[in-house]
Amino acid sequence: MKNTIRIGAGIASVLTVALWASSGSTETTVERGQYLVDGLVGCGNCHTPRNPDNTFAEGMYLAGGFEFNELPAFQTYTANITPDNETGIGTWTLEEIVLAIREGHTPEDETIGPVMPLFFYNLMSDDDAMSIAMYLKSIPAVRNEVPAPVYNIPYATPGPAPGGPTPPTTDPVVYGQYLATMAHCFECHTPRDATGGPDMARMGAGGFDMQTLPNGEVVRSANITPAGIGDWSDDALRRAIVEGISRDGHILFPIMPSAFFKNATAEDIDAVIAYLRTVPPVENDVPKVDWMAGLGMPPMQNAPAME
Ligand code: HEC
Ligand code: HEC
């Protein structure tokens, strides 16, 4: 049991600070679901297969098959979450989709593994979870058979979702925390602990290995606590989040979901930034690499640096 991925406890204790207590909007619509999935929640960042240069495969939006290979621990491919009856989730009810997203249980009585940020989605509001399920039911079905996952390690799924309403937008820090949780910023931006889960005592400190490039260099997530980005202007942060360009002008490795985040409203991005400013600072100097050269592409064309 040494390798149990046990991300749950830490995440819940850091993030559930009475957030979801007061009530905000209570609308359940396909539009809200689309806004979240195509925007800050960015399910397609994992659930859409990619070409070798990391761009998304055409016509395959949410059709699954993107590989996460951490053998010997596990090898998995994201599921097809389009409403195809045979290879996707076409036969699932809305409630079954909600249960899968927030608690990791499927109608086939299987559990979803720890690659999917379930412990963050566990905190999704009832309306948002239902809106996302409605949107997934409304998109074009794509036939794409995805191999079954192999997990050679035990893993945990979150318990029952606390549910409740979406927090109100009136307090940008609180709403920003909710959005950042759904955008699972800290799934990628938090270093791992001995159990393989995010070390929430160092939440946001970066340095998590995202990909080893063909030239052997490793792309790591950045430190987005105030110790890393505290002296960045709001404009520089906004550009990084929605345009995928770092303050120094380098193009962020496209695993950073800016292609989705760009679809969020300016107010929602501002709320995420307001919340990021309140996260406890953690010192961690993360080296940056020229990932384009590492992939064998021409060196990056840097954009102008910003304050
Ligand atoms: C970090 C990557 C990642 C993100 C982000 C992600 N998923 Fe997943 N998801 C996976 C993987 C990998 C699987 C495959 C199952 C496994 O490995 O156990 C999966 C499985 C699923 C399943 C189970 C489908 C089946 O047929 O069993 C559903 C439903 C699902 N995801 C929905 C979503 C939705 C909706 C979102 C956005 C709210 C989302 N996922 C975001 C990685 C991700
Ligand atoms: C799927 C993983 C992933 C998710 C989710 C993610 N990021 Fe990132 N992010 C990265 C990686 C990897 C980098 C570093 C890329 C590079 O250096 O080329 C990065 C870079 C950044 C940078 C630039 C920092 C710097 O020093 O250059 C900021 C700011 C940032 N992310 C903020 C966010 C915020 C805010 C969220 C949530 C709304 C988020 N990220 C979600 C992977 C992710």
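The values are calculated or read from the model by the stated rules, or taken from the named source; none is laboratory data. These figures come from a predicted structure and were not determined experimentally. Positions of Cβ are generated from backbone atoms using ideal geometry, with glycine treated the same way; all protein chains shown enter the neighbour counts. For the accessible areas, the whole protein counts, side chains as well, though only heavy atoms, and no ligand, DNA or RNA atoms are used. Shrake-Rupley method; radii C 1.70, N 1.55, O 1.52, S 1.80 Å.
Structural remarks
- Considering the conditions (1) surrounded by fewer than 22 Cβ atoms within 10 Å (Cβ to Cβ); (2) β-branched (Val, Ile, Thr); (3) over 20 Å from TRP291 (Cα atoms), THR212 is excluded by exactly one of them, (3).
- Residues in region 37-60 that are within 25 Å of ARG238 (Cβ to Cβ) and either more than 12 Å from ligand 2 (Cβ to nearest atom) or not assigned by TED's automatic domain parsing to the domain that holds ALA79 (or both): VAL37, ASP38, THR48, THR55, PHE56.
- Residue among GLN211, GLN177 that alone is in the same structural domain as ALA259 (by TED's automatic domain parsing), assigned to a helix (DSSP H, G or I) and of a type in the set (S, T, N, Q): GLN177
- LEU123, sole failed condition from (1) open to solvent by less than 60 Å² (accessible area, probe 1.4 Å); (2) out of contact with any Lys or Arg (no Cβ under 9 Å at 6 or more places or on another chain); (3) away from ligand 1 (no atom under 11 Å from the Cβ): (2)
- Residue check for ALA141: farther than 24 Å from ALA271 by Cβ and touching an Asp or Glu at 6+ places or on another chain (Cβ under 6 Å): yes
- Scanning region 99-108 for residues that are among the aliphatic types (A, V, I, L, M) and either closer than 15 Å to PRO149 by Cβ or touching a residue at least 40 places away in the same chain (Cβ under 8 Å) (or both) yields a single hit, ALA100.
- Given (1) touching a residue at least 40 places away in the same chain (Cβ under 8 Å); (2) in contact with a Pro (Cβ under 9 Å, 6 or more places away or on another chain); (3) open to solvent by 20 Å² or more (accessible area, probe 1.4 Å), index of the condition PHE186 fails: (3)
- Which numbered condition PRO172 misses (of (1) within 16 Å of ligand 2 (Cβ to nearest atom); (2) modelled with pLDDT of 95 or more; (3) under 19 Å from the mean Cα position of the chain (by Cα)): (3)
- Residue within region 254-271 that is farther than 30 Å from GLU31 by Cα and either within 16 Å of ligand 1 (Cβ to nearest atom) or surrounded by 14 or more Cβ atoms within 10 Å (Cβ to Cβ) (or both) present: no
- Checklist (1) closer than 19 Å to MET116 by Cα; (2) within 14 Å of ligand 1 (Cβ to nearest atom) applied to MET134, failing item: (1)
- Only one entry of THR76, THR87 meets the criterion of being within 16 Å of ligand 2 (Cβ to nearest atom), among the hydroxyl-bearing types (Ser, Thr, Tyr) and within 15 Å of PRO147 (Cα to Cα), and that entry is THR76.
- Scanning region 96-115 for residues that are surrounded by 21 or more Cβ atoms within 10 Å (Cβ to Cβ), modelled with pLDDT of 95 or more and in a loop (DSSP other than H, G, I, E, B) returns a single hit, GLY104.
- Enumerated helices (runs of 4 or more DSSP H) restricted to region 223-307, each holding at least 3 residues that are hydrophobic (A, V, I, L, M, F, W, C) and either in contact (Cβ under 8 Å) with a residue 12 or more places away in the chain or in contact with a helix residue (DSSP H, G or I) (Cβ under 7 Å, 6 or more places away or on another chain) (or both): 234-243, 258-261, 266-276, 291-294
- Flag for MET300 being within 18 Å of the chain's Cα centre (by Cα) and either within 16 Å of ligand 1 (Cβ to nearest atom) or not assigned by TED's automatic domain parsing to the domain that holds PRO52 (or both): no
- Looking only at region 215-247, residues that are crowded, with 20+ Cβ neighbours inside 10 Å and either hydroxyl-bearing (Ser, Thr, Tyr) or not assigned by TED's automatic domain parsing to the domain that holds SER258 (or both) come to 3 in all.
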